[in-house]
Amino acid sequence: MAPDTRKTRRHTFFVLSGFLITTLLFKEKETYNNINLRKFYARRILRIWPLYFLIMASSIFVFNQSDLLQVPILSERAFNSLDATSITLIVLILPNLLLFPIPYAAQSWSIGIEEQFYLVQPYIVKLINNYNIQIIVLLLIVFSKEIVDNTFDDFDSKYYLQAKSQLVYFGSIAIGCIAAILHIKQQTLIKIFIYNKYIQACAYLLFIIFLIVIYKEKKENIVDFRFHALIFAILILNVATNPD
C-alpha cells in the first residue's frame, strides 16, 4: 500500500506560496515605495473567505449529514465533536487547530496555515528594509518548533500541542519567502550557488531520493519536511528564475 503523501505535497505548496507572494510584495514595494496592506488583506479576504466558509458549512451541515455522503465514523465524530471551542476555531479561520478531521473539508487545514502566516509576513516585508534582518526573522520562523520546544516545554494543553505541531508548516512557507528575498536581493549569491549545475543536480537527486524513500518506508516524516522544503525552494529558483 502506497503511503499518503499529502503532507509532502502541502509543504511543497507552502514553499511555492511563500515564494510567489513575497515576490509580489517586493515588486509592489519597489514600484510604489510602499505596500498597501489594506488592499492586500482585502484581496485575500474576498478571494478566500467566502469559499472557506462555504466549504466548512457545506461539509459540516450538508455532506456529513447526508446518509449517502457520510464517511463512516469520521462524519459522526466530526458533528458530535462540535462545541463552542471548535466552532470558534472554525469561525476565526483556525481549522488547523481542530482536534478532529472534518470529511470533505481537508483543504481548510492548509487555508488556516496560510491565513495565519500572512497575518504577519507582509509586515516583515513592509516594515523591515534590511533584507538580512528579514531573513533572520524568517529563519526564526523556520526554526520556531525548536525554539518553542526549548522555551515552553512544560505546557501540555492539547491545543498548545496541536499548534506546536503546525510550526514546521509555517517554516516551509518561510523558506519560500527566503528564496524570494535571495532571488530579488542577492543575485550574486544566486548565480554562484543556486544556479550552479552541481547544486541543481544534487537538488533534483535528493528530491527523487526523498520520494523513493517515502514510498519504500511508507513514512512521510522519515526526513524533516523543512529539508524537503529547502530542496524544493532550490528547484523553484532554478525553474522560475534561471535564464540558462
- Those residues of region 120-146 which are aliphatic (A, V, I, L, M) and open to solvent by less than 20 Å² (accessible area, probe 1.4 Å), in sequence order: ILE124, VAL125, LEU138, VAL142
- Counted residues in region 121-150 being over 18 Å from ILE35 (Cα atoms), outside any loop (DSSP other than H, G, I, E, B) and not aliphatic (A, V, I, L, M) come to 6
- Please state which of the following conditions ALA203 fails to meet, knowing it meets all the rest: (1) open to solvent by less than 30 Å² (accessible area, probe 1.4 Å); (2) out of contact with any helix residue (DSSP H, G or I) (no Cβ under 6 Å at 6 or more places or on another chain); (3) not hydroxyl-bearing (Ser, Thr, Tyr). (2)
- Item | LEU189 modelled with pLDDT of 90 or more, farther than 20 Å from ARG10 by Cβ, open to solvent by 40 Å² or more (accessible area, probe 1.4 Å) and not hydroxyl-bearing (Ser, Thr, Tyr) | no
- Might you check whether a residue that is assigned to a loop (DSSP other than H, G, I, E, B) and surrounded by fewer than 15 Cβ atoms within 10 Å (Cβ to Cβ) occurs anywhere in region 44-55? no
- Task: Residues being touching a residue at least 24 places away in the same chain (Cβ under 8 Å) and among the charged types (D, E, K, R): count how many of those fall in region 130-185.
- Result: 3
- Regarding ILE111, is this residue assigned to a helix (DSSP H, G or I), under 21 Å from ARG9 (Cα atoms) and open to solvent by less than 70 Å² (accessible area, probe 1.4 Å)? yes
- Task: Look through region 147-161, keep the residues that are open to solvent by 70 Å² or more (accessible area, probe 1.4 Å) and among the acidic types (Asp, Glu), and return whichever of them is modelled with the highest pLDDT.
- Result: ASP156
- What are the residues in region 77-104 that are assigned to a helix (DSSP H, G or I) and of a type in the set (A, V, I, L, M), if any? ALA78, ALA84, ILE87, LEU89, ILE90, VAL91, LEU97
- Task: Go through region 56-76 residue by residue and tally those that are in a loop (DSSP other than H, G, I, E, B) and open to solvent by 70 Å² or more (accessible area, probe 1.4 Å).
- Result: 6
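The values are calculated or read from the model by the stated rules, or taken from the named source; none is laboratory data. Computed from a predicted structure; not experimentally measured. Note that we place each Cβ from the backbone using ideal geometry, even for glycine, and neighbour counts take in every protein chain shown. Please note that ligands, DNA and RNA were not included when accessible areas were found on the heavy atoms of the full protein model with its side chains. Shrake-Rupley method; radii C 1.70, N 1.55, O 1.52, S 1.80 Å.
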